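Engineer: Sharing a structure with you now.
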Amino acid sequence: MKHELSDKDPAFPVMAMEILNNVLSRADNPGGLGTYLTEEVRDLTGARCVLLIQCLSTQTMTAHSVVGVNPLRRRAWAESPNMNRLYMAAHQMTTKQLWQGEKPSEVAGFLRQEGFGLSMVFPLTTGEFRMGTMLVLGLPDEAHITSVLSLLGNLSTIVALVLRNAILFERQEQLIQERTAELRDKNEELEQRVSERTALLQRRSEELELANESLKEVDQLKSSFIASMSHELRTPLNCVIGFSSILLDEWLGPLNAEQKQNLASILNSGRHLLSMINDVLDVTQIESGTIKQGIEEFDLYELLANAESEAAAVIREKGLELQCKLTHQQMRTDRRRLLQCVRNILGNAAKFTDKGTVTVEARIVSGSGEAPAEEIVEIAITDTGIGIGEADLPRIFTPFHRIVITGREIVPGTGLGLFLTQKITTEILKGELLVSSEQGKGSRFSLRIPVRLP
Ligand code: ADP
């Protein structure tokens with residue numbers, strides 16, 4: 001024994017403080033704390049054996065582990081079934097019960113049998129939690145009991161707190177490890193799913209690419225089929241148109257009125273069919289990107305006068321007035337395609353106007369946007385016809401779209417004219433087609449194209 005310990009001893013508080021400091025310095029290590037404390041307490045009290053039992057739970061639970069044994073240092077003994085019974089019982093006990101049992105308890109009997117005489121129990125509690133128990137077994141005599149009680153009474157609350165802190169720390173560590181492992185698993189699954197999705201997307205896009213390729217092939221086949229069909233149709237049709245017009249002009253002999261009427265009908269239908277075939281051919285060429293630009297130098301006045309004279313007969317026949325405000329303007333662009341556009345628009349103006357005026361105007365305007373210095377000509381065709389409602393306006397450029405007006409006679413047409421006109425204007429003439437219209441009042445279509453194309 002190191003000291004003859006007495007709480008009257010002036011060294012007592014100093015020793016108690018030293019032990020306390022040492023306990024605190026082992027705050028996160030219950031094992032180290034147990035070994036230290038049992039050694040120290042055994043030295044101070046002269047007990048035969050000191051045990052520190054940790055009870056990781058509330059009062060009602062009894063899970064134990066020995067975190068310090070002295071002096072036997074034999075864990076096997078400390079953890080034997082007999083000792084295990086002692087921990088269980090000690091866990092429920094107060095200090096007094098072991099030292100001064102009113103009636104001899106099973107535990108007291110067992111301790112005597114093991115050769116431990118005077119023994120004490122120190123519950124280590126913080127609040128409602130019992131963190132452990134310190135067993136001081138085989139004290140040398142009753143004289144020591146008062147000082148032991150005083151020292152351990154003071155220490156036990158602190159030790160319980162330190163023990164609680166260490167247990168919480170351990171649990172937190174364990175929890176962090178568990179969560180980290182879980183997260184690693186949540187991550188791996190996610191990575192797996194992402195890579196599965198990526199592979200799926202890649203497969204899909206490959207499939208799409210394949211489908212796209214075959215669609216392109218089909219489209220090309222369709223275009224070349226239509227182109228060659230239209231070509232084949234035009235040859236016999238030109239024959240029909242040519243001969244019926246020779247007959248109608250009475251080159252081969254005089255015709256009676258009925259014959260003339262029938263032949264005129266053949267000629268008109270033939271011409272209509274030819275213009276439809278030409279439109280279809282143009283559409284396929286535009287869509288396949290094979291349409292060719294044929295640039296020429298010409299006077300705009302002459303081109304518009306030409307278109308005007310073609311339309312004049314129909315316009316005047318309907319009792320409409322035709323006004324032209326033309327100027328001489330040297331142009332360098334695709335003459336044939338420009339004429340096709342003007343014919344379409346002028347033809348529509350004549351078709352969809354029942355009374356009033358059709359006006360053709362041409363004027364030079366300055367460029368805008370990216371090329372403000374560019375010389376632009378505006379060819380505007382205005383009518384006082386049926387007009388186009390706001391909802392229909394965006395649809396008139398869709399191929400085959402025709403506005404049906406109930407009660408109005410259906411005029412011949414394919415619904416390709418404006419689609420083609422717009423495509424030609426933007427893609428060949430490098431200009432734009434603008435429209436403004438009011439239902440019941442009339443429409444204004446204007447072609448704005450560069451005067452000179454490079
Ligand atoms: P189509 O004249 O062969 O029907 P278009 O593509 O040239 O085909 O015109 C599409 C539709 O736009 C016409 O059917 C008509 O309903 C409307 N439209 C075109 N021009 C005019 C116009 N000047 N006035 C009123 N409606 C028009």
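Engineer: Between their Cα atoms, which of Lys292/Lys355; Lys260/Lys423; Lys222/Lys292; Lys292/Lys351 are more than 31 Å away from each other?
Structural biologist: In this structure, Lys292/Lys355; Lys260/Lys423 lie more than 31 Å apart at Cα.
Engineer: Between Glu106 and Glu206, how many nm apart are label points set 7 Å from Cα along the C-beta direction?
Structural biologist: 7.4
Engineer: What order do you get for 171-183, 280-292, 119-131 when each peptide is scored by the mean count of other beta carbon atoms within 10 Å, highest first?
Structural biologist: The most tightly packed comes first, giving 119-131, 280-292, 171-183.
Engineer: Could you give the length gained on full extension between Glu432 and Glu191, defined as 0.36 nm per residue of separation minus the Cα-Cα distance, in nm?
Structural biologist: Between Glu432 and Glu191, full extension yields an extra 81.6 nm.
Engineer: Hey, what did the chain get for relative contact order, percent, Cα under 8 Å, at least 6 apart? Show your work: numbers first, answer last.
Structural biologist: Working: 636 pairs, mean separation 42.7, N = 454.
Contact order relative to length: 9 percent.
Engineer: Still on this model: How many Å² of accessible area per residue for the range 353-442, probe 1.4 Å?
Structural biologist: Ligands and nucleic acids excluded, the result is 54 Å² per residue.
Engineer: Amide H of Gly132: which non-local residues (sequence gap of 5 or more, or other chain) have their own amide H closer than 5 Å, using H built in the peptide plane?
Structural biologist: For Gly132, the qualifying residues are Cys55, Leu124.
Engineer: Share of the chain's accessible area from carbon and sulfur, percent, 1.4 Å?
Structural biologist: Accessible surface attributable to carbon and sulfur in the chain totals 54 percent.
Engineer: Given the options Gly127, Ala307, Leu429, identify the residue whose Cα lies farthest towards the positive end of the charge dipole of the chain (+1 on Cβ of Lys, Arg; -1 on Cβ of Asp, Glu).
Structural biologist: Of the options given, the answer is Gly127.
Engineer: Roughly speaking, what is the stretch gain from Val14 to Cys324, that is 0.36 nm per residue apart minus the C-alpha to C-alpha distance, in nm to one decimal?
Structural biologist: 99.4 nm
Engineer: With angles folded into 0 to 90 degrees, how steeply does helix 300-317 sit against the dominant principal axis of the chain? Use alpha carbons for both and round to 10.
Structural biologist: 80
Engineer: Figure the gain on full extension for Leu255 and Phe243 (residue separation times 0.36 nm, minus the Cα-Cα span) and round it to one decimal in nm.
Structural biologist: 2.9 nm
Engineer: What is the angle, in °, between the Cα long axis of helix 81-92 and the longest principal axis of the Cα atoms in the chain? Nearest 10 is fine, range 0 to 90.
Structural biologist: Relative to the chain, helix 81-92 is tipped by roughly 80 degrees.
Engineer: Near the amide H of Leu118, under 5 Å away, which other amide H atoms are found, from residues 5 or more places off or on another chain, if H is placed in the peptide plane?
Structural biologist: Long-range HN contacts for Leu118: Gly138, Leu139.
Engineer: Might you report the magnitude of the Cβ-based charge dipole of the range 295-450 about its Cα centre, with Lys and Arg at +1 and Asp and Glu at -1, to the nearest 20 debye?
Structural biologist: Values: 19 positive and 22 negative charges, 85 e Å.
In debye, rounded to 20, the range 295-450 gives about 400.
Engineer: Rolling a 1.4 Å sphere over the protein heavy atoms, what is the accessible area per residue of the range 115-218, to the nearest Å²? Don't jump to the answer; show the numbers that get you there.
Structural biologist: Numbers: 6860 Å² over 104 residues.
About 66 Å² of surface per residue is accessible.
Engineer: Explain nothing, just the number: relative contact order of the range 295-450, from Cα pairs under 8 Å at least 6 residues apart, as a whole percent.
Structural biologist: Over the range 295-450, the number comes to 23 percent.
The values are calculated or read from the model by the stated rules, or taken from the named source; none is laboratory data. This one's a predicted model, so the numbers in the text were calculated from it and none came from an experiment. We place every Cβ from the backbone using ideal geometry, glycine too, and count neighbours over all the protein chains shown. Accessible surface areas use protein heavy atoms only, side chains included; no ligands, DNA or RNA. Shrake-Rupley method; radii C 1.70, N 1.55, O 1.52, S 1.80 Å.
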